[in-house]
Amino acid sequence: MKLVFLGAPGAGKGTQAKKLVEKYSIPQISTGDLLRAAVAAGTALGKEAKSYMDKGELVPDRVVLGMVEERLKQDDCKKGYILDGFPRNTAQAEALDKMLESLNMQLDAAVSVDVPFDDLMKRLTGRRTCKACGQMFNIYFNAPKKEGVCDKCGGELFQRDDDKEETIRKRLDVYNAQTAPLFDYYKKKGILKSVDGTGSIDEIFANICAALGLK
Ligand code: AP5
Ligand code: MG
């Protein structure tokens, strides 16, 4: 099962990808997570990426494409993967097609998780993530039992640097201008699956599984 997850910032791509990982044991490849790991490690790539991420802009394609290609070549991707937050523009989608051709791989579906614009801001400003295990919470919709502490592993929760209202607005603008055209890109290929991204996390997961024909 080789999937691309499309959807606006805050649509729940990461939340739903993690559920698929748990159920089907295929890796989640989140370019955002890979970039944040590079930022945390203080690498040259991380330093360059941070200047774009803090402004809510896309990191240059040359940075992201190399990272994805390296990841797709790893053994655990042979049986499938979920590309979360990649591709992000038409140039990346075209580069991905070439990459997959050279790796002799084919995408099964591009899943779009559709959430009304007004819901996204609250999802993003309320998001809290565990430093240790990456589990996501939301102070408005699925709050941790104890403030600032992960229910799953007891780790410390943090708020992402780019989850400030002003940066979120920029990310949403960038999404509309550069990423939204990918719906048509994958529709033309006949592999777009649009899923209602409102409702509970479990309901949306059931919608995704149904759209993919999974039990
Ligand atoms: P990235 O990390 O990909 O961020 P994003 O696309 O903005 O998406 P998010 O991770 O914010 O949202 P999500 O859809 O994963 O939602 P989540 O599940 O967390 O990218 C960050 C930056 O990195 C970019 O701005 C760019 O600079 C750079 N970058 C990344 N990829 C790149 C690329 N390919 N090219 C260039 N640059 C790139 O959910 C959000 C919140 O909502 C959580 O709190 C969650 O608990 C809650 N929630 C989830 N589902 C529900 C529900 N059903 N009801 C209520 N709350 C819910
Ligand atoms: Mg995410």
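The phi torsions of region 103-120, fed into the Karplus equation with coefficients 6.51, -1.76 and 1.60 and a -60° offset, translate into couplings of 8, 6, 10, 9, 6, 8, 7, 10, 9, 9, 9, 9, 10, x, 3, 5, 6, 5 Hz, rounded to whole numbers, with Gly and Pro shown as x.
Determine the share of region 15-68's accessible area contributed by carbon and sulfur atoms, expressed in whole percent, with a 1.4 angstrom probe. Mind showing how you got there, number by number?
On the way: 1490 of 2530 Å².
For region 15-68, the apolar C and S fraction of the accessible surface comes to 59 percent.
Working note: Karplus 6.51/-1.76/1.60 with θ = phi - 60° gives region 198-212 the couplings 9, x, 7, 4, 5, 5, 5, 4, 5, 4, 5, 4, 5, 4, 8 Hz, where Gly and Pro are set to x.
Divided by 2.2 N^0.38 Å, where N counts the residues, the Cα radius of gyration of region 20-59 comes to 1.40. Helical content of the chain, expressed as a calculated mean residue ellipticity at 222 nm, amounts to -13000 deg cm²/dmol (DSSP H runs of 4 or more residues, -39,500 (n - 2.57) each, divided by residue number, nearest 500).
Taking amide H as placed 1.01 Å from N in the peptide plane, the amide H of Val59 sits under 5 Å from none that are at least 5 places away or on another chain. Amide H contacts of Lys193 (H built 1.01 Å from N, in plane; Pro and chain starts excluded): Ala110, Val111, Ser112 sit under 5 Å, all sequence-distant by 5 or more or on other chains. Ranked from largest, the principal axis spans of the Cα set of region 108-181 equal 40, 35, 19 Å.
In this structure, the amide hydrogen of Val149, modeled 1.01 Å from its nitrogen in the peptide plane, lies closer than 5 angstrom to those of Leu157, counting only residues at least 5 positions away or on a different chain. Once C-alpha pairs closer than 8 Å and six or more residues apart are averaged by separation and normalised to the residue number of region 1-135, the relative contact order reads 46 percent. Each part gets one Cα centre, and for region 110-137 versus region 143-215 those centres are 5 Å apart. Accessible area per residue was computed with a 1.4 Å probe on protein heavy atoms; Glu156 scores about 110 Å².
In this structure, the pairs whose alpha-carbon distance is over 26 Å, taken from Lys78/Lys98; Lys2/Lys131; Lys78/Lys189; Lys73/Lys170; Lys193/Lys215; Lys98/Lys189, are Lys2/Lys131; Lys73/Lys170.
Each residue of region 126-134 is assigned a 3J(HN,Hα), and the resulting list reads x, 5, 9, 10, 7, 5, 8, 10, x Hz, derived from the Karplus form 6.51 cos²θ - 1.76 cosθ + 1.60 (θ = phi - 60°), x at Gly and Pro.
The values are calculated or read from the model by the stated rules, or taken from the named source; none is laboratory data. Treat the numbers as computed from the prediction; the structure is a model and nothing was measured. Only protein heavy atoms, including side chains, enter the accessible area calculation; ligands, DNA and RNA are left aside. Shrake-Rupley method; radii C 1.70, N 1.55, O 1.52, S 1.80 Å.
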